[in-house]
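Structure record follows, encoded as structure tokens.
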Amino acid sequence: MLSFAVLKSPGHYADTLKIMNEPEKLDRGLGLIEATALNMTFMVGIGPFIVIPFIIRAMGGPQCILAWVLGAGLAAVDGCVWAELGAAMPQAGGSYVFLREAYGANSWGRLLSFLFIWQTLFQAPLSISSGALGFADYSKYLTAKMPVVRFWLHANTGRAGEALANYNRTVALLLIVAAVVLLYRRITTIGKISTVLWVIVLGTILWLIYGGATHFNASRVFTYPTGTWSFSWIFFAGLGHASVQTVYSYLGYYNVCNLGGEMKDPGRNIPRAIFLSIFGIAILYLLMQTSILAVIPWQEAQNSGFVVSLFVERTFGMYWATFATALILVLAFGSIFSATLGYSRVPYAAALDGNFFSVFARVHPTKHFPHISLLALGAASIFICLFFNLFSVIRAILAMRCLIQFVGQAFGLLLLHRRWKAERWPFRMCLYPVPVIIAIAGWIAIFVSTGRTPMLASLAAMSAGILVYLGRARLLRQWPFQEVVG
């Protein structure tokens, strides 16, 4: 079982903390409950509610559940990688620190950690913007019921498309501003807010599962189209495209690693938060997808823009569908809230290390959080919302993260295992290195499945990042242009 393995004593971990302390002290105010809450609210968000129709369409029937299982499996093996690295290096920045230490702080690690920051400049705002744009798109279920809106759209038929596009951008922009305002406070207060959002997440999904259980139609779930299990190239192509969407819905189980410098007892709580998030959300997703298929025929579900709201209409009625949509929008906001919090710590970590603009290392004098990094990330996310649509953003997110972050740090873990002694690892995965190898293969497959355009765009961004790094390194006489002494 790929879960909790060796968790060393707090006394052992105290030595690690002495080494890992940042120059400007962050408050270690997050416990296991708050960390798990932040992870799970990040993971759920608007993602599963908007991608379910696309997953069903890609697979062509109820066998779409297989894509959710595949996504959970990749998250589980990759979670082992994050758990080991996060417990061993509990600092703000997550992957930035992992890549730097794995490949050498004064050699290749400097380049790879810079490339991670470089991709984060694009990927983090893309991730936050996808949640905000998804929120705006799904909120149309509610606004379309307003008589004033219906009358206006009828009177302005020729301009409706432009108006709806501007509506999405405006709502997304206001949502990001609201998230930044709520995050502009101490981490202990943020932990309490995240716990409230987590309760709403669990309550909403459990309510949906209850609706499916009380209106269950087995023939809809277990009746497959002819030729479903032929395992042809069409089947695997569909599974690949569907898995891109399910993996997107699982992203966020590692958010706690970005907040490593603010975790209590991180050697124990980081791995636990990761695995509790993955297995808890996987069970909820599988039950929710099964519930929807049991109530709405898959042929209808694959074409619905508001499939969960339609599901609640069929099970509880129109009034409750409106209420459920409002809850889904709360979940979407919770994901934006958690994502913005976690990603804001990445430029901060790089700035502390001298590998990014020093202004991002500033910590708020009384609230003790990296406020410049938070504000800059919010501004970049707003910019993305103004120029991109939702589903181009989803594929771009995955393509940009696969190689440097996920594959790069998995290889890095293999390198660290060769250099570090056992006592450097507060947590050890079972069956090492099998989960690491599976994770590497899985992320390469996901990268290919994102499609030609996102792949080429991510490679172009990586190439541009290498050129920027080399130019900056030459100017500052850093690796590989540093002067050789002696």
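The values are calculated or read from the model by the stated rules, or taken from the named source; none is laboratory data. Nothing here was measured: the structure is a model prediction, and the numbers come from that model. Backbone-built Cβ (ideal geometry, glycine too); neighbour counts: all protein chains shown. For the accessible areas, the whole protein counts, side chains as well, though only heavy atoms, and no ligand, DNA or RNA atoms are used. Shrake-Rupley method; radii C 1.70, N 1.55, O 1.52, S 1.80 Å.
Right, residue 463: over 30 Å from residue 139 (Cα atoms) and either out of contact with any helix residue (DSSP H, G or I) (no Cβ under 9 Å at 6 or more places or on another chain) or of a type in the set (Val, Ile, Thr) (or both) or not? Here the answer is yes, as residue 463 does meet what is asked. Restricted to helices (runs of 4 or more DSSP H) entirely inside the range 281-398, those with at least 3 residues that are open to solvent by 10 Å² or more (accessible area, probe 1.4 Å) and modelled with pLDDT of 90 or more are 298-301, 307-316, 318-343, 371-387.
Among the conditions (1) among the aliphatic types (A, V, I, L, M); (2) touching a helix residue (DSSP H, G or I) at 6+ places or on another chain (Cβ under 7 Å); (3) more than 19 Å from residue 105 (Cβ to Cβ), residue 437 misses just one, which is (2). Screening residue 271 with (1) within 21 Å of residue 425 (Cα to Cα); (2) out of contact with any strand residue (DSSP E or B) (no Cβ under 7 Å at 6 or more places or on another chain) gives one miss only, at (2).
Only residues that are open to solvent by 70 Å² or more (accessible area, probe 1.4 Å), part of a loop (DSSP other than H, G, I, E, B) and either touching a Leu at 6+ places or on another chain (Cβ under 8 Å) or hydrophobic (A, V, I, L, M, F, W, C) (or both) were counted across the range 413-451, and they come to 1.
Inside the range 88-107, residues that are in contact with a helix residue (DSSP H, G or I) (Cβ under 9 Å, 6 or more places away or on another chain) and within 17 Å of residue 415 (Cβ to Cβ) make up a count of 13. For the residues 271, 225, the requirement of being part of a helix (DSSP H, G or I) and either surrounded by fewer than 16 Cβ atoms within 10 Å (Cβ to Cβ) or at pLDDT 95 or above (or both) singles out 271. Hey, does the range 361-384 have a residue that's more than 30 Å from residue 48 (Cα to Cα), small (Gly, Ala, Ser) and touching a residue at least 40 places away in the same chain (Cβ under 8 Å)? Within the range 361-384, one or more residues are more than 30 Å from residue 48 (Cα to Cα), small (Gly, Ala, Ser) and touching a residue at least 40 places away in the same chain (Cβ under 8 Å). Restricting the range 452-483 to residues that are outside any helix (DSSP H, G or I) and open to solvent by 60 Å² or more (accessible area, probe 1.4 Å) leaves a set whose member that is farthest from residue 242 (Cα to Cα) is 483.
Across the range 40-97, the qualifying residues are those that are part of a loop (DSSP other than H, G, I, E, B) and open to solvent by 10 Å² or more (accessible area, probe 1.4 Å), and the one among them that is modelled with the lowest pLDDT is 91. Of all residues in the range 228-266, exactly one satisfies the criterion of being more than 27 Å from residue 45 (Cβ to Cβ), hydroxyl-bearing (Ser, Thr, Tyr) and not in a helix (DSSP H, G or I), namely 232.
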